[in-house]
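Values quoted throughout were computed directly from the atomic coordinates according to the rules given, and no laboratory measurement underlies them. This structure is a prediction, so every number in the text was calculated from the model and none was measured. Please note: Cβ atoms are built from the backbone with ideal geometry, for glycine as well, and neighbour counts cover all protein chains shown.
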Amino acid sequence: MEALEAYNITHRYGRVTALDDLSFTVGHGELFGFIGPDGAGKTTLFRIAATLIMPAGGRMILFGLNTVSRYRELRNHIGYMPGRFSLYTDLTVEENLNFYATIFGTTIKENYHLIEPIYRQIEPFKKRQAGRLSGGMKQKLALSCALIHKPRILILDEPTTGVDAVSRTEFWEMLTQLKGEGITIIVSTPYMDEALRCDRIALIQNGTLLGINTPDSIRHSYGKKLYAVTHPDRYRLLLALRSLIQALSPEPLSHSHEPRATDAPLSVSAFGLSPEPFGDSVHITIPESITSGEVVAALASSGLPGAEIREILPGIEDVFLELMKKEV
Amino acid sequence: MRKLLFLLKKEFRQIRRNPFMARAIIAVPLLQMLILVPAITFEVKRIDLAVTDYDRSPASRELISKLSGSSFFRISGAPAGQAGADQLLLSGDADIVLIIPDDFSEGLAGIGKPTLQVLADAVNATSAQLGWNYLVSIVRDYNRDVIISSGLAPAAIPGISVSSRYWYNPDLNYKYYMLPGILVILITAIGLLMAGLNLVREKEIGTIEQINVTPVKKWELIASKVIPFFIIGLFDLALGLIVGWIAFDIPFEGSILLFFACAAIFLVAVLGLALFFSTMASTQQQFLFIAFFFVMIFILMSGIFTPSESMPVWAQQFNYVNPVAYLMRINRMVMLKGSGFQDIARDMVALTVLALAFITLAIRAYRKRA
């Protein structure tokens, strides 16, 4: 029995299909990440797992308990953090924590060890109303409240959205610690660097799963060699790479029947992907048949001398963008 | 049960911390009582009367002085002719114009028949009608005096003399009539608006999401949201009653216990409505719009200003499901007439049925939608 088993989960809002036939499992004590653009269906999926909504089709089972028929028992084992801060802003930090402890039939004292590393950081402000906390502190409080009843699974819907970089890093360190306590965690995030810290990642888009794998496998599943091209004039570099591809693409936009020059330095199928800007470089794939030097030469001849190119390990983003294009 | 007590404690703590709520609980009953009760009156006093006297005789002057001597009329002008009188009516400077023709005193002396013309501004039909009635009765008195003094009839004209006594409100004090009604409006506002807003607020700020994942049962949640406003409603009713007693010396003829029992049943009905409307709204703004619409209808149809018995039949039928109408009637009967349980049993039973129906409907809707 896995911690979470989802079979053919489907959900609709009116005519819009939010989730389309999703099946996956999450193991005990696994840190399982979902990444995908806004509107991909992550929140809907998490709300189903949190027993808040019933899926229109399929079933989800947590620790052997169906989320629809056994929701009452299940709720004792779920810690849920919605995407939006949803604690009482007019109650103090301590009152909020005490509130959630009491309605779960426990006390702060009983499970203090579990929340201690997190709660200790906000304890100096325990008499402050939750609405007056900073974003990072609010989130630590929300996590403490979700943990106070010692849940077996944590469901965290974009917990770090809108939180500063330092707090984000701290937050993920806490998740790793909680994983050590044997708590299963499913988490969604728009940040690719956070996804790398998960045991496994599911890529989700338009309500369908594009793939599930460990971060490393996902990066290696890219299949082609990926290069980062840099040049001081990044905008012109991007344009030059784009036009280079367009000129060489198998179906030129001009629809001209003129035969291409046979002495073209690069083969027609050179670029499988259009170049994508990433930070200060442009990522590009080139097939085995040509070398990176030829690309630099081609750039130099189109007025961009001094471009640098180096092979890089594909990031999750690269794979994600590639998978998205295949879908389209 | 322990969980419910804890939830209630949390609700009261939040209500106390909400500066608006905490103030409204005290301020609303005080303001409603002190402003609405003395302000709303149907008494028609100081009607502006303009008189065009073509006759200018001792007889016509005597009639005018009789009119101006009564507390109902204030002579606001003496236009020279018809055109001036019309102008006064149009500008609102006169509510009624009395025109005394130039043959008035001759008519009284037996030459021809004396006539008077009365023009009334009937935009407000009630005050026009009342003013006209007052005027006619003063003219009738005057007429009788003339007949007696001219010796045309003995001092004691045979006829039926009607002596009237107004029961339950001998001085026809409108405050006594309005105050029980204002108390109903007060607890309607507390029960429906405050409770409903509190319910929708959890939805609007998203805390309900977090609560729904906990083992807290729906009924515990509903009870924790409704009970505080039940208590606050009764508290405000007592406060309003005390204010009425101190400020207006309102009589209380019936049983206070019965009065509060009925108010408690009414509050259950109103809280049911608040819960029901809250399932239809996802923001406080939406809730206010829905609640305002229904509260207006309930109050205006309830018979607070005009007797519901004179409303069209369909309106009276609507009042079978209007909790405000029941309590309006019960309050006035208990407070002013001193009616006992047997006198109001029918209304009380109907109100109880309504309360049970509303709260059941609301809980069902709440389970389904929230």
- With Cα atoms, 0 to 90° folded angle of helix A:292-301 axis to chain A main axis: 60
- Relative exposure of B:ILE231, B:ILE182, B:ILE290, A:ILE115, judged by other C-beta atoms within 10 Å (fewest first): B:ILE231, B:ILE290, B:ILE182, A:ILE115
- Query: In peptide A:82-88, how many Cβ atoms from other protein chains are near each Cβ within 10 Å, on average?
  - Reply: 5
- How do B:ARG364, A:ARG219, A:ARG12, A:ARG47 rank when sorted from fewest to most other Cβ atoms within 10 Å of their own Cβ? B:ARG364, A:ARG12, A:ARG219, A:ARG47
- Query: Exposure proxy check: B:SER278, B:SER65, A:SER217 ranked by fewest other beta carbons within 10 Å?
  - Reply: B:SER65, A:SER217, B:SER278
- Any lysines whose Cα falls less than 17 Å from that of B:LYS203, other than same-chain ones fewer than 8 residues away, would be B:LYS10, B:LYS217, B:LYS218, B:LYS225, B:LYS368
- In order through segment B:61-66: 3J(HN,Hα) via Karplus (6.51 cos²θ - 1.76 cosθ + 1.60), integer Hz, x for Gly, Pro: 5, 5, 4, 5, 5, 5
- Task: On a 0 to 90° scale, report how tilted helix A:112-122 is relative to the longest principal axis of chain A, with both axes built from alpha carbons and the result rounded to the nearest 10.
- Result: 70
- Query: What number of lysine-lysine pairs in chain A show an alpha-carbon separation below 25 angstrom, given a sequence spacing of 8 or more or placement on distinct chains?
  - Reply: 27
- Item | Ellipsoid equivalent to chain A - semi-axes via the Cα gyration tensor, in Å | 47, 23, 16
- Message: As a test, work out the antiparallel percent of DSSP beta bridges whose residues both lie in the protein assembly as shown, rounded to the nearest 5.
- Response: 60
- What distance in nm separates the simple spin-label points at B:ARG61 and B:TRP132, each placed 7 Å from Cα in the Cβ direction? 3.2
- Message: Below 8 Å between Cα atoms, with a sequence gap of 6+, how large is the relative contact order for chain B in percent?
- Response: 19
- Message: Using a 7 Å offset from the Cα along the Cα-to-Cβ direction at both A:SER134 and A:ARG72, what is the distance between the two label points in nm, to one decimal?
- Response: 4.5
- May I ask you to compute the full-extension gain from B:THR115 to B:ALA223, defined as 0.36 nm times their residue separation minus their alpha-carbon distance, rounded to one decimal in nm? 31.8 nm
- Relative contact order (%) - chain A, alpha-carbon pairs under 8 angstrom, separation at least six: 19
- For the peptides B:16-25, A:77-86, what is the packing order when you average, over each peptide's residues, the other Cβ atoms within 10 Å and list the highest mean first? A:77-86, B:16-25
- Query: Given R₀ = 22 Å, FRET efficiency for A:LYS127-B:MET21 by Cβ-Cβ distance, to 0.05?
  - Reply: 0.50
- Across A:97-105, the residue-averaged tally of Cβ atoms belonging to other chains within 10 Å stands at 4
- Note on the structure: For the pair B:LEU36 and B:ILE148, the simple spin-label estimate (label points 7 Å beyond Cα toward Cβ) gives in nm 4.7
- For segment B:167-292, what's the relative contact order in percent, using C-alpha pairs closer than 8 Å and at least 6 residues apart? 46
- Any lysines with Cα under 25 Å of the B:LYS337 Cα? List them, leaving off those in the same chain fewer than 8 positions away. B:LYS175
- Query: Once amide H atoms are built 1.01 Å from N in the peptide plane, which residues 5 or more positions from A:ILE312, or in another chain, come under 5 Å H to H?
  - Reply: A:LEU226, A:TYR227, A:ALA228
